[in-house]
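**Q** Dropping the structure in here first, questions after.
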Amino acid sequence: MLVRLAWRNLWRHKRRSLITAFAMAIAVALCMAVTAFTDGMSATMFDVMVEQQLGHLQVHHPAYPTSRRMYDTVPEADATLGSIRALPEVARAAGQLNGFALIGGPEETTGGQLVGVEPSHEAEVTRADERIVDGRFLSDDGTGEIVLGVGLASEIEVGVGDTVVVVTQASDGSLGNALYEVVGLFRSGNTALDKTGSMMRLADLQELLVLPDQVHKITVVGVDGDDLVPLKNAVVKAVPDGTEVQTWEEASPQTSQMLAMTKFSSAIMLGLVFTVASFGILNTMMMSVFERTRELGVLKAIGLRPARLVQLVVAESVFMAALAGSIGLSIGALLDFWLVRYGFDMSGGNPNGMSFQGVTLDPVMHGKVEPLTVASILGALLLVSAVASLLPAWRASRLDPVEAIRTE
Amino acid sequence: MKRFRATTLGLFALLTLAGPAFAADPEPTIDELLDATDDVARGESSQATISMQVKTDRFERTMKMRALSKGTDNSLITILEPAKDAGTSTLKVGDNLWNYLPKVDRTMKIPAGMMGGSWMGSHFSNDDLVKQSRMSEDYTATLTQKPTPEAKEQPWIIELVPKPDAPVVWGKVVVTIAADRVPVSIEYFDEKGGLQRTMGFSDVKEIDGRKVPMLMTLTPGDKPGEYTKIAYEELQFDVDLPDKTFTLQALKR
């Protein structure tokens, strides 16, 4: 009886109810779009920064992140990598050695970064192989192979199949030099890296730098990326003494702050939208209660208990919210579809795209729809509308029937 | 990266010992002393066998090298030992440097951006090999001490402050010259007065009637335990070197 009464009451002022419902629907749709967008951005950043760059854990000499010195290495690299990979908590791991060298083509020479990698493990962890735009990635047993950033290759005027000479200061003070065959060119999206970066097999670089069985860092990706504590505890036991193990949050506080900020700002946005929406509901219900003073007084006079009266008003409000929610969900679904499918160009005409921490992100951000987020938006809408209607409902229940009936 | 621009420090420069003989003439002017110090390292041509010992916190290595020079513009240094690096050569023509790497049979020009880098693992930079300045021209000199009739063995000490537009990186340079006019040390300070580098000259021998320091020690100011020592094992002046010695073709030979 109460439900039918509430439903009918809602439609007595069609236009007002619809306008309020639409305002709420738009709030819902906007919230869905915003959260899809920020969730998508967070997911992209997490993927690029954490999954592909930092891994879940970083293993290195404690001084290396700040010193970047050639000598600050993780010793016994083969054994360490082997025992890390054998851990059940670890999904994949890759060791890297870094160096700086003169890299020369037939005519031109320039300074560049050398990264020694274990090709198939590197491909698993950082997907470096996917960034090859010409030729192929390094092979596990291809001694003397090198891949160059596209900018570096064009600077020293070499291409796939050409030979480059690499000269560097080795750890024993000698002048390390060797020839390598360019098997591929990569484009990472990070302009600086593409202009100076190169990769070769870890074993080749260890030989060139005279750093046998050493790496500068090991990137570990765990089976469970959400709870890093057991992973870290296991890895700490597997590495040599004097080696530091850091979670990605410790290794790059900026990244974790950025991700937290994104979540926080979308929460603030949601809070604002719902605050505004709740005032809309409050206003609508207040007006409707005020207008119906007489009618509500009659209801009370014929014996409707105050609690039932409260329920009536709240039900009206919740119905309106449900109506708004379904309209909002439809509009929001369309917006989300567009965001997921086509994305949103964040570059704002900046030809260099968007970058964060030296890593260039795809300027077109694609949305990501989390069912839980959508459900919580709808839940929040119903809750807010119920709460916002409590004040008018309470006022309705406190009406003095005699006075109310006299009101015109 | 610290650059090392003063002339006498240049290794190539030192190889070319020649110039005005020190005579027992009347008291020299400051400029004459500075020029003599610069020219301890200048000459027409020379051929030398030197050993370079590099000691750092991480490694210690000694290389034997043959060095040829002609004028101030042309030099060629070839590593003789250790065997691993034998044949590795550095050619200097004017302001340009090339390295020849026998293992890969390649000649590589040192790019401008890499001139600040270490030369052959030593405390000398590539720039040190090519930069030339003259103390008497690029600095304002003040004589703070000189031999006196009472203290005949007291060395000359000259403080140098760079002239405003001089192409030098130091804030102050202190040159110590022995009473017999053989340089003893040159200390290089930054703008804040911190000691950046000390070049010491020792083991003075007489060659062709002139006193020449046969050992040169470079110590970085921030790492007192490290040094690069260059010692002459053999030294010949005014050798006849054809111009084609200092070409890329000869470098590859």
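What follows is calculated from the coordinates using simple rules that are stated; it is not laboratory data. Note that the coordinates shown come from a computational prediction; the quantities given were computed from them, not determined experimentally. Quick reminder, even Gly has a Cβ in these numbers, built from the backbone with ideal geometry, and neighbours come from all protein chains shown.
**Q** Search segment A:116-135 for residues being assigned to a strand (DSSP E or B) and out of contact with any Asp or Glu (no Cβ under 9 Å at 6 or more places or on another chain), and hand back the single one that is farthest from residue A:187 (Cα to Cα).
**A** First, the residues of segment A:116-135 that are assigned to a strand (DSSP E or B): A:116-117, A:132-135.
From the residues that got through so far, the ones that are out of contact with any Asp or Glu (no Cβ under 9 Å at 6 or more places or on another chain) too are A:117, A:132-135.
On the way: A:117: 17, A:132: 6, A:133: 6, A:134: 9, A:135: 12 Å.
Within segment A:116-135, the match that is farthest from residue A:187 (Cα to Cα) is A:117.
**Q** Determine, yes or no, whether residue A:28 is of a type outside the set (Lys, Arg) and crowded, with 22+ Cβ neighbours inside 10 Å. Before you say what the answer is, go through the steps one by one.
**A** Numbers: of a type outside the set (Lys, Arg): yes; crowded, with 22+ Cβ neighbours inside 10 Å: yes.
It is true that residue A:28 is of a type outside the set (Lys, Arg) and crowded, with 22+ Cβ neighbours inside 10 Å.
**Q** Follow-up question, since we're still on this one. Scan segment A:228-253 for residues that are assigned to a loop (DSSP other than H, G, I, E, B) and under 17 Å from the mean Cα position of the chain (by Cα) and jot them down.
**A** Taking segment A:228-253 as the starting set, the residues that turn out to be assigned to a loop (DSSP other than H, G, I, E, B) are A:228, A:239-243, A:252.
Selection gives A:252 alone.
**Q** Turning to a different aspect of this structure: Output the residue which, of all residues in segment A:118-138 that are touching a helix residue (DSSP H, G or I) at 6+ places or on another chain (Cβ under 6 Å) and closer than 18 Å to residue A:164 by Cβ, is farthest from the other protein chains (Cβ to nearest Cβ).
**A** Result: A:137.
**Q** Follow-up. Hey, can you tell me all the residues within segment B:176-226 that are of a type in the set (A, V, I, L, M) and farther than 24 Å from residue B:118 by Cα?
**A** Filtering segment B:176-226 for residues of a type in the set (A, V, I, L, M) gives B:177-179, B:182, B:184, B:186, B:195, B:199, B:204, B:207, B:212, B:214-216, B:218.
If the condition is that a residue be of a type in the set (A, V, I, L, M) and farther than 24 Å from residue B:118 by Cα, then B:177, B:178, B:179, B:182, B:184, B:204, B:207, B:212 are the ones that fit.
**Q** Mind checking whether some residue in segment A:57-68 is assigned to a helix (DSSP H, G or I), touching a residue at least 40 places away in the same chain (Cβ under 8 Å) and crowded, with 22+ Cβ neighbours inside 10 Å? Let's see the steps before the verdict.
**A** Taking segment A:57-68 and keeping what is assigned to a helix (DSSP H, G or I), we get A:64-67.
Filter once more, so that each one left must be touching a residue at least 40 places away in the same chain (Cβ under 8 Å): A:64-65.
Those still in the list that are crowded, with 22+ Cβ neighbours inside 10 Å too: none.
There is no residue in segment A:57-68 that is assigned to a helix (DSSP H, G or I), touching a residue at least 40 places away in the same chain (Cβ under 8 Å) and crowded, with 22+ Cβ neighbours inside 10 Å.
**Q** From the set of residues in segment A:149-176 that are touching a Lys or Arg at 6+ places or on another chain (Cβ under 9 Å) and more than 15 Å from residue A:198 (Cα to Cα), which is surrounded by the fewest Cβ atoms within 10 Å (Cβ to Cβ)?
**A** Going through the qualifying residues, I end up with A:172.
**Q** Something else about it: Cβ-Cβ below 6 Å, separation at least six or inter-chain, first residue in segment A:230-245 and in contact (Cβ under 8 Å) with a residue 60 or more places away in the chain, second of a type in the set (D, E, K, R): which pairs?
**A** Matching pairs, first to second residue: A:230/A:89; A:231/A:89; A:234/A:89; A:240/A:76; A:245/A:232.
**Q** Keeping to segment A:136-193, report how many residues are in a loop (DSSP other than H, G, I, E, B) and closer than 30 Å to residue B:82 by Cα. Give the steps one after another, and end with the answer.
**A** Step one: list which residues in segment A:136-193 are in a loop (DSSP other than H, G, I, E, B), which gives A:136-144, A:156-162, A:170-174, A:187-190.
Now drop any that are not closer than 30 Å to residue B:82 by Cα, which leaves A:142-144, A:170-174.
The number of residues fulfilling the criteria is 8.
**Q** While we're here: Return the residues of segment B:78-107 that are acidic (Asp, Glu) and in contact with a helix residue (DSSP H, G or I) (Cβ under 7 Å, 6 or more places away or on another chain); say none if nothing qualifies. Can you show your working first?
**A** In the first step, residues of segment B:78-107 are kept if they are acidic (Asp, Glu); the result is B:81, B:85, B:95, B:105.
Once the filter is applied, which keeps residues that are acidic (Asp, Glu) and in contact with a helix residue (DSSP H, G or I) (Cβ under 7 Å, 6 or more places away or on another chain), segment B:78-107 yields only B:95.
**Q** What are the pairs with Cβ atoms under 7 angstrom where one residue, in segment A:160-186, is within 13 Å of chain B (Cβ to nearest Cβ) and the other, located anywhere, is among the aromatic types (Phe, Trp, Tyr) and outside any strand (DSSP E or B)? Sequence gap at least six, or different chains.
**A** That search, which allows pairs on different chains as well, returns A:171/A:71; A:172/B:59; A:173/B:59.
**Q** So which residues in segment B:202-253 are hydrophobic (A, V, I, L, M, F, W, C) and closer than 15 Å to residue B:53 by Cα? Walk me through it before giving the result.
**A** Step one: filter segment B:202-253 for residues hydrophobic (A, V, I, L, M, F, W, C), giving B:204, B:207, B:212, B:214-216, B:218, B:230-231, B:235, B:237, B:239, B:241, B:246, B:248, B:250-251.
Within segment B:202-253, B:214, B:215, B:216, B:218, B:230, B:231 qualify.
**Q** What are the residues in segment A:194-225 that are among the charged types (D, E, K, R) and part of a helix (DSSP H, G or I), if any? Walk me through it before giving the result.
**A** Kept after step one, since they are among the charged types (D, E, K, R), are these residues of segment A:194-225: A:194-195, A:201, A:204, A:207, A:213, A:217, A:224.
The answer is A:194, A:195, A:204, A:207.
**Q** Ok, one more. What residue, of B:129, B:80, B:91, B:97, is surrounded by fewer than 20 Cβ atoms within 10 Å (Cβ to Cβ) and hydrophobic (A, V, I, L, M, F, W, C)? Working first, answer last.
**A** Values: B:129 fails: surrounded by fewer than 20 Cβ atoms within 10 Å (Cβ to Cβ); B:91 fails: surrounded by fewer than 20 Cβ atoms within 10 Å (Cβ to Cβ); B:97 fails: surrounded by fewer than 20 Cβ atoms within 10 Å (Cβ to Cβ).
Among B:129, B:80, B:91, B:97, only B:80 is surrounded by fewer than 20 Cβ atoms within 10 Å (Cβ to Cβ) and hydrophobic (A, V, I, L, M, F, W, C).
**Q** If residue A:95 passes every condition in (1) within 14 Å of chain B (Cβ to nearest Cβ); (2) in contact with a helix residue (DSSP H, G or I) (Cβ under 6 Å, 6 or more places away or on another chain); (3) buried (at least 22 other Cβ atoms within 10 Å of the Cβ) but one, which one does it miss?
**A** Exception for residue A:95: condition (1).
**Q** Looking at segment B:52-147, what strands (runs of 3 or more DSSP E) fall wholly within it and have at least 1 residues that are within 11 Å of chain A (Cβ to nearest Cβ) and of a type in the set (Val, Ile, Thr)? Working first, answer last.
**A** Details: elements: B:60-70, B:74-81, B:89-93, B:96-101, B:106-109, B:139-145.
The strands (runs of 3 or more DSSP E) meeting that bar are B:60-70, B:74-81, B:89-93, B:106-109.
**Q** Within the group A:256, A:288, which residue is under 29 Å from residue A:370 (Cβ atoms) and part of a helix (DSSP H, G or I)? I'd like the intermediate steps shown before the answer.
**A** Values: A:288 fails: under 29 Å from residue A:370 (Cβ atoms).
Only one candidate passes the filter, namely A:256.
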